[in-house]
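Some notes on the structure that comes next.
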Amino acid sequence: MSVAERRRGRGGGGAARRAARTAVSFETARYIERNIPNFEVLSEEALEIIETNAETVLEEIGVNFVENPAALQRWRDAGADVDGERVRIPRGLARKLCETAPSSYTQHARNPERSVVVGGKNLVLAPVYGPPFVRDMAGGRRYATMEDFRKFVKLGYMSKWLHHSGGTVCEPTDVPVNKRHLDMLHAHMTLSDKPFMGSVTEPSRAQDSVDMCGVLFGQDFVQENTVMTSLININSPMTFDDVMMGALEVYARNNQACIISPFIVGGAMAPVSVAGTLTQVLAEVLAGIAYSQLIRPGAPVIMGAFVTSIDMNSGAPTFGTPEAAHITYGAGQLARRLGLPFRSAGSFCGSKLPDAQAAYETSNSLNMGLLSGVNFMLHACGWLEGGLVSSFEKFVMDADQLGTLHHLARGVEIDENAQAMDAIREVGPGGHYLGCDHTQSNFKSAFWKSDLLDYKPFETWEDEGARDTQTLASLRVEKMLADYQQPALDPAIAEALSDFVARKKSEEPDSFM
């Protein structure tokens, strides 16, 4: 046992608890618990047709597990027909294997108050993931750096309505490819105390993620609890590559959660029809989740569906469309029938700037996520230009609007206070409610209020510089970063994490490939 582990104990040690009591804590809303019904677009007959067709795809067409002999052997042992790299799964086998996956799980944060429960009626919001570029008003569009990454982690930590620190909030291109995962994880672990995601770009990097969590939480705690939720993409159509499956194998063996998610661009990676796409999505997730359970029955997983359509003129992906909504609603129904948590939606848009197009498409995408029953929403804030760009201004614009999802999800109260009969009697015909007792008692909590948008009179707005929303967002980014205070961490753990990163970096030469 290391010095850090001896000083720590299961919950982070006395030093960590004392530091936490004296730290400045920014308010973070609890993950959303829906009190509204899910929107269901598919009939029982339609669901049964899609489920039957997905089983036919698995049995007759099959899926490919490429460059992964061990996976092929696992499938043979499970009763699948393996021909080369093609795996044909007998009808009902994948669904049966999926039954051991939990319907919900807790992802523990290093600050226990910020742990999240994924599944059921809950919705966990996480930021943008993966863009190689960043954009802000001062510097425009440019390749992301590690400093940009750290700024996004700080903004995520300070964002009230965001429950999760995420993963690759941007891709820091100034750090070697084979080492940047260490710096990214270190940033999430030290600059925030919200839950986070691990690396999936190579199986050894997934193992590094598990090992770093062992330093942060304690190795025994990691093996007994889920402390990471990481993204495993399927190469649609129906291909499971060795890199992503290798990362999945590492996480499943170590009891860490994976989002198993087809990457669908309708018309390119899936059929143009909603029913055809849902059939392929279901077949892919059944095979992927079943495989996770072959690695470790009971390993936590999320059924994912990243869905967009394609502009048939330019070939560019499109977002916030009715077809994407239909697929997302339908996928939510299929996930609930499987009894699994569901991941989809986000702050999706194709716009190059945080403008009206971005707002329209993002609003459509966020609301369909809430109404479709999504349990884990990756890309909930900061997404721009079809996922190529992480925008600082759009990050805070979206993060502000996530508050509306919290309030919508509360539903409509109908208790005595909500009925407001005393107020109606007090005011009577022709009066107003501004000064009545009910208004005075409830005005502070009655309406959701944006911390960003401008509701001032025209004259005041003009006197203050006639600032648009992007300008206000830029100022808010500056203020949040200026106000940021790092959450406390046991000094022994902080030292052990830094030592781990330094040692791993020294063990191999830099590679930018």
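Of note:
- Residue that is most open to solvent (accessible area, probe 1.4 Å), among those in segment 61-117 that are among the polar types (S, T, N, Q) and outside any loop (DSSP other than H, G, I, E, B): GLN73
- Some residue of segment 421-438 being of a type in the set (Gly, Ala, Ser), at pLDDT below 95 and either within 15 Å of LEU155 (Cβ to Cβ) or outside any loop (DSSP other than H, G, I, E, B) (or both): no
- Meets criteria (assigned to a strand (DSSP E or B) and either of a type outside the set (Asp, Glu) or crowded, with 19+ Cβ neighbours inside 10 Å (or both)) for ILE264: yes
- Pairs with Cβ under 6 Å, 6+ apart, first in segment 32-52 and in contact (Cβ under 8 Å) with a residue 60 or more places away in the chain, second exposed (fewer than 13 other Cβ atoms within 10 Å of the Cβ): ASN35/GLY411; ILE36/GLY411
- Out of SER351, SER347, one residue alone is part of a loop (DSSP other than H, G, I, E, B), touching a residue at least 40 places away in the same chain (Cβ under 8 Å) and of a type in the set (S, T, N, Q). It is SER347.
- Residue in segment 28-43 that is modelled with pLDDT of 95 or more, open to solvent by less than 90 Å² (accessible area, probe 1.4 Å) and under 27 Å from GLN223 (Cβ atoms) present: yes
- Residue within segment 159-167 that is surrounded by fewer than 23 Cβ atoms within 10 Å (Cβ to Cβ), in contact (Cβ under 8 Å) with a residue 24 or more places away in the chain and either more than 16 Å from VAL396 (Cβ to Cβ) or of a type in the set (A, V, I, L, M, F, W, C) (or both) present: yes
- In summary, ASN122 fulfils each of the numbered conditions (1) open to solvent by less than 50 Å² (accessible area, probe 1.4 Å); (2) over 28 Å from GLY166 (Cβ atoms) with the single exception of condition (2).
- Only listed residue being modelled with pLDDT of 95 or more, open to solvent by 10 Å² or more (accessible area, probe 1.4 Å) and in a helix (DSSP H, G or I), chosen from ASP193, ASP148, ASP174, ASP211: ASP211
- Residue ID - farthest from GLY382 (Cα to Cα), chosen from residues in segment 458-485 that are touching a residue at least 60 places away in the same chain (Cβ under 8 Å) and surrounded by fewer than 14 Cβ atoms within 10 Å (Cβ to Cβ): GLN485
- Of all residues in segment 260-309, those satisfying the criterion of being polar (S, T, N, Q) and touching a Leu at 6+ places or on another chain (Cβ under 7 Å) are SER261, SER292, GLN293.
The values are calculated or read from the model by the stated rules, or taken from the named source; none is laboratory data. On a predicted model such as this, the values are computed, not experimentally measured, just so you know. Using ideal geometry, Cβ is built from the backbone for each residue, glycine included, and neighbour counts are taken over all protein chains shown. The protein model used for the area step is the full one, side chains on, heavy atoms only, and it has no ligands, DNA or RNA in it. Shrake-Rupley method; radii C 1.70, N 1.55, O 1.52, S 1.80 Å.
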